[in-house]
Amino acid sequence: MAIEYLGLSEINGPLIVLEGVQDAFYEEMVEFVVEGNRRKKGRIVAVDEDKAVIQVFDNTDEMSLKNTHTRLSGHPMEIGLSLEILGRTFNGLGEPIDGLGKIEPEVVRDVNGLPLNPCTREYPRNYIRTGVSAIDGLTTLIRGQKLPIFSGNGLPHDQLAAQIVEQASLGDDSEEEFGIVFAAMGVKYDVAEFFRRKFEESGVSSHVTMFLNLSNDPVAERLITPKMALTAAEYLAFEKNMHILVILTDMTSYAEAMREVSASKGEIPSRKGYPGYLYSELATLYERAGIVQGREGSVTQIPILTMPNDDITHPIPDLTGYITEGQIVLERSLHQKNIYPPINVLPSLSRLMKDGIGAAYTREDHQDVANQLFSSYARVGEARDLASVIGEDELSQTDKKYLEFGVGFEQEFVAQGVNENRTIEETLDIGWQLLHILPKEELDRIDTKILEKYYDR
Amino acid sequence: MSVSGNIYGINGPIITIKGNLGFKMSEMVYVGKDRLVGEVIGLNKEETTIQVFEETTGLRPGELVEGAGKAISVTLAPGIITNIFDGIERPLQLIGEENGAYIPRGVNVDLLDKDKKWETTICVKPEDVVGGGSVIAEVPETPAILHKIMVPPEMDGTVVWAAENGMYTIEEPLVRIQRADGIQETLTMTQQWPIRIPRPIQKRYPADRPLVTGQRILDTLFPIAKGGTAAIPGGFGTGKTMTQHQLAKWSDADIIIYIGCGERGNEMTNVLEEFSQLVDPKTGNLLMDRTTLIANTSNMPVAAREASIYTGLTLAEYYRDMGYHVAIMADSTSRWAEALRELSGRLEEMPAEEGFPAYLASRLSAFYERAGYVENLNGTDGSVTIIGAVSPQGGDFSEPVTQNTKRFVRCFLALDKALAYARHYPAINWLTSYTEYLGDLENWYGANVGADFIPCRNELLNILTTESRLNEIVKLIGSDVLPDDQKLILEIARVIRLGFLQQNAFHAEDTFVPMEKQLQMMKVILYLYEKCRDLINIGMPMAMLRENRIFEKIISIKYDVPNKELHKFEEYRQMIDEFYQGLLQTNA
């Protein structure tokens, strides 16, 4: 079997340098035994002839240059999978931590995955009803989509994600098998616990696979956690024909971890100290959502990220937005007005929406109503700006109508209960009611025929 | 004679070999036992640096690296159109059939179908003198494209043998020529060309013909010339990709090369699906029959992303040499620039602005300069138009890629977040966008659309600029206090924005609008403006004008007047006259 190496050449944060190794390969898994009993895992992140740089998925405490045995495993990072993983909880490295024993693997997969061939993808078209008006009506979630939630610290993104999971899994076709893969990267214990409780309350626990890397777990492990989760999701979706919803939280911690490891490797930083490959790394995660031709299952991703300082131009939300198929943006000022969910619809977007709505999927007026609501609500902002300068009384009649519409839109359309599950008809009808506040000639985004059919109804 | 060496170090997509072994710069190499494709990007006495176009997971030091003896090249022959390739011209469809849903490492497939027999018409006979670019045979590649088999550039001689017309594969000999030095060369349909070197041309023409796109804001306000360059910058969600799709669908180029560089997989799938169904309104052929896709999605290896832009360009130049007008959609050039940055970082080069390498500007300019309207070696005319999307970080146009791109393109179509938020599509901001081609194209518009086209266009832009100035005032004091003539400008500007600039890509009539209709629409809007101005001038209040639904009717012309029934514009003119007369009479 493999050779064991005694001793190390260098320890620097989570990175270890080993010299004199033979046959090591890039991304190979490594096992350490410290002082004859404590086991740790690592991964090779750079090789220079006989020198390997290894990232340890654990802290490097107690390791010295002499007391450690290193064994190369001969394979990249892998995870054993079978249907047993449903209902189970793992740590960030895919080891069970719920005390229910080991998984009997049916297959063993390389967690790095391979790029999905665009020719074998199927373009996602089926919409998922989440029961949340702002999402269903204006940023429709499509099966096989990656739609992140851009949030800030202290905003109820977890609540919203839990509500989406709960209501989407109720679904209209109860015959299809669904499942949830939940990956926590560097989140607080309370957050992980919140999700676990929510899944239990809504009775979906037996369909959930959880990968937990909490905020006090090793940073290097965080880099592998989402890959574990997505490998599990792909297995369930494309081999077991399940519709999988993947929740990844918090992507910001993941990116931070990448920066930390990159810095200790001495790499040249690009934007805000993040490594130049941040885009590629995020893309290899996000692009693992989708549908494959000829397979029944699908992987839908809802990554959650907290925007540092609520700044949407920060590299993490910025690069994410360029990869994902839209975004749902939460807004602090709406949250302060006690509106739940505090979704700011204007910067929110679903790129796949256009092909998954309309007469064949939802209702014929859906696109027009959505466009009109967006356009009118954008106008509300202008009216509010003006009112703050010249006072509400001085506004023109039309602008006053817009203010009224704005309040109604936020209070009735966007706001809803944490357990309220609206149908698509309800959502669109609320939309029409609100549009009635405005004069008919202001509704310039709606096709004349649809306007006649629905406005005067 | 191929050189070889052994891997010394591996760092992501970059590998190094110790020693000076005789590799050449830009030489293609095969790396490791999986024979991953790579390229030599740096040489010094101590080591050779290679970028690998595939995932390097699993590579070990000591594995063999073998030189291919030629620069990284594309294979040029029939079979390119309708195909979908990765960044180094490997056919994804075939890879999918052989390897399933995922793209494994080290796939070894023929770049183009070597077994397919093409119906070939030979165009030369013995004794003919041929030179670089001379057409020796013709092959109908798709219903839309006649593929011309050309003598490779830098080769000339006398034909000594030519095959009969018939069915041939891309590797069978078609013609044999004798060069001046007596050496005989056998020509097949296939030729190779290194991707980083522009194919030679006879001379460049000025760009004096527009790329007709059927998109009103482009054709009318900011036209692009055939052989020109344009950049479409915009933050995420502002509609770069949608604009590129619209251009790929409707522009009057003969061939479209769509490069998905570091973008979403689903988008490429969408293009593939949609273009295989949509029919080109001008020729009646499928859009796919004139399209080649290059897909290097964001999760595919980063080095191939860098190469994909050049692969696309070289394919475009090859078809240009046949006398076609080719348009390249590069979505997005920022991903390509970031690939440069990523590789530069791995090479530990000294970073310049924002971590981008210092050679970013020179690479960008070299890329855009490969566009042009040219006379080819064989005397035909052809063009390569480059339309590059730019994804500025944080939507901020002051970042290096946007700024450097701006220096090298002549048409700048700035996408605007505020417009996109209000779902005004295409979200091209008419105040910050510009085109330098207008002067060059003026004659063409005068001769082909109408002498009044450019004056109307200028008037339109003028109203919009005035509107933005007035809006500054409105923001401070509200619109009620403006005098009526200024209120009218705001109203007409609204008609222009909603009825003219806004264009619905999902509406059967509105998705493509012929030049003629664009002119008529402008004229009707300006006619309305003229009549309203007359009314205001005799003291009619704006509020009274607004009572009439005429403004709404003009706005919905884009939906209500089909592209083929332009005589209906006369009715609108009458409607405006009636509106004018009606107001005059009731308020006399």
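Just so it is clear, none of the values below were taken in a lab; they were calculated from the coordinates. In this text the structure is predicted, and so the values were computed from the model without any measurement. Cβ atoms come from the backbone with ideal geometry, glycine included; neighbour counts cover every protein chain shown.
Side notes on the structure shown:
- Per residue, the average separation of C-alpha pairs within less than 8 Å and at least 6 apart gives chain A a relative contact order of 16 percent.
- Checking every one of the GluC sites (Glu not before Pro) in segment B:115-171 against DSSP loop status and a limit of 14 other Cβ atoms within 10 Å picks out B:127, B:154, B:164, B:171.
- Counted by neighbouring Cβ atoms within 10 Å, the residues A:445, B:204 run from fewest to most as B:204, A:445.
- Taking all Cα-Cα distances within segment B:309-439, those exceeding 23 Å account for 43%.
- Here segment B:187-228 is assigned +1 on the Cβ of each Lys and Arg and -1 on the Cβ of each Asp and Glu. Its dipole about the Cα centre then comes out at about 160 debye.
- Averaged over the residues of B:264-277, the number of partner chain Cβ atoms lying within 10 Å of the residue Cβ comes to 6.
- Among B:74, B:524, B:351 the positive-end extreme of the charge dipole of chain B (Cβ point charges): B:351
- For residue A:257, the shell of other residues with beta-carbons less than 12 Å away shows a net charge of -4, using +1 for Lys and Arg and -1 for Asp and Glu.
- Least to most buried among B:24, B:116, B:148 (fewest other Cβ within 10 Å first): B:116, B:24, B:148
- Evaluated with a Cβ-only charge set (Lys, Arg +1; Asp, Glu -1), the protein assembly as shown carries a dipole of roughly 1080 debye about its Cα centre, given to the nearest 20.
- Straight-line cross-link partners of residue B:564 among the aspartates and glutamates, defined as a Cα under 14 Å from its Cα and at least 8 positions apart when in the same chain: B:509, B:510, B:516.
- Based on C-alpha pairs under 8 angstrom that are at least 6 apart in sequence, segment A:254-405 has a relative contact order of 11 percent.
- Helix-only arithmetic for chain B: the sum of -39500 (n - 2.57) across DSSP H runs with n ≥ 4, divided by the residue total, places the mean residue ellipticity at 222 nm at -10000 deg cm²/dmol.
- Counted over all Cα-Cα pairs of segment B:434-548, pairs farther apart than 19 Å make up 55 percent.
- Listing B:411, B:123 from fewest to most neighbouring C-beta atoms within 10 Å gives B:123, B:411.
- Translational D in µm²/s for segment A:252-362 (Stokes-Einstein at 10 °C, 1.306 mPa s, Kirkwood Rh from C-alpha pairs): 97
- When only alpha carbons of chain A are considered, Rg and Dmax amount to 24.8, 84 Å.
- Placing unit charges on the Cβ atoms of the charged side chains and taking the dipole of segment A:157-287 about its Cα centre, the candidate lying farthest along the positive direction among A:249, A:203, A:168 is A:249.
- Using bins of 10 Å that start at zero, the share of Cα-Cα pairs per bin across segment A:340-457 amounts to 12, 43, 35, 10, 1, in whole %.
- Under a model in which nothing but the beta-carbon of Lys, Arg (+1) and Asp, Glu (-1) is charged, segment B:539-588 shows a dipole of about 160 debye around its Cα centre.
- Backbone geometry of segment B:403-415 corresponds, through the Karplus equation with coefficients 6.51, -1.76 and 1.60 at θ = phi - 60°, to 3J(HN,Hα) couplings of 5, 5, 5, 4, 6, 10, 9, 10, 9, 10, 10, 7, 8 Hz, x marking Gly and Pro.
- For segment B:38-112 versus segment B:219-290, the gap between their alpha-carbon centres in whole angstrom: 27
- Kirkwood Rh, angstrom, segment A:314-366 [1 / mean 1/r, Cα pairs]: 12.9
- Size-normalised alpha-carbon gyration radius of chain B, reference 2.2 N^0.38 Å: 1.11
- Restraint check, B:406/B:523; A:453/B:553; A:400/B:475; B:226/B:517; B:240/B:568; A:354/B:558, Cα-Cα greater than 23 Å: B:406/B:523; B:240/B:568
- Cα-based equivalent ellipsoid of segment B:17-71: semi-axis lengths in Å, sorted from largest, via gyration tensor: 17, 13, 9
- Global size of segment B:182-224: 19.1, 57 Å for Rg and Dmax (C-alpha atoms, Rg to one decimal, Dmax whole).
- Size descriptors for the protein assembly as shown: radius of gyration and Dmax over Cα atoms are 30.7, 105 Å.
- Proximal lysines to residue B:24, defined as alpha-carbon separation beneath 16 angstrom and excluding residues fewer than eight positions away on the same chain: B:45, B:70
- Lys/Arg +1, Asp/Glu -1 at C-beta; chain B dipole; positive extreme among B:281, B:193, B:478: B:478
- Percent of alpha-carbon pairs separated by more than 23 Å within segment B:505-588: 27
- By the Cα gyration tensor, segment A:12-150 has an equivalent ellipsoid whose semi-axes, rounded to whole angstrom, run 39, 19, 16 from largest to smallest.
- Qualifying GluC sites (Glu not before Pro) in segment A:1-56, where qualification requires a DSSP coil assignment and no more than 13 other C-beta atoms within 10 Å, comprise A:35.
- Alpha carbon centroid spacing (whole Å) that separates segment A:302-352 from segment B:445-518: 33
- Entry note, chain A: the mean residue ellipticity at 222 nm calculated from DSSP H runs of n ≥ 4, each adding -39500 (n - 2.57), is -9500 deg cm²/dmol after division by the residues and rounding to the nearest 500.
- Set of lysines with alpha-carbon distance to residue A:102 below 30 Å, sequence-local pairs under 8 removed: A:40, A:41, A:188, A:198, A:227, A:240
- Euclidean distance between Cα centres, segment A:112-139 to segment B:421-440, Å: 31
- Crossing angle, helix A:157-170 versus chain A [Cα axis fit, 0-90 degrees, rounded to tens]: 80
- Ellipsoid fit via the Cα gyration tensor, segment A:90-209: semi-axes of 25, 22, 16 Å, each the root of five times an eigenvalue, largest first.
- Estimated vicinal HN-Hα couplings, Hz - segment B:52-60 in sequence order (Karplus 6.51, -1.76, 1.60; Gly, Pro = x): 9, 7, 9, 4, 9, 4, x, 6, 10
- Within 10 Å of each Cβ in A:26-36, the average number of Cβ atoms from other chains: 2
- Three-way shape call for segment A:69-131 based on the alpha-carbon gyration tensor, with the a/c threshold at 1.5: oblate
- Globularity index of segment B:68-150 is 1.35 (Cα radius of gyration / 2.2 N^0.38 Å, N = number of residues).
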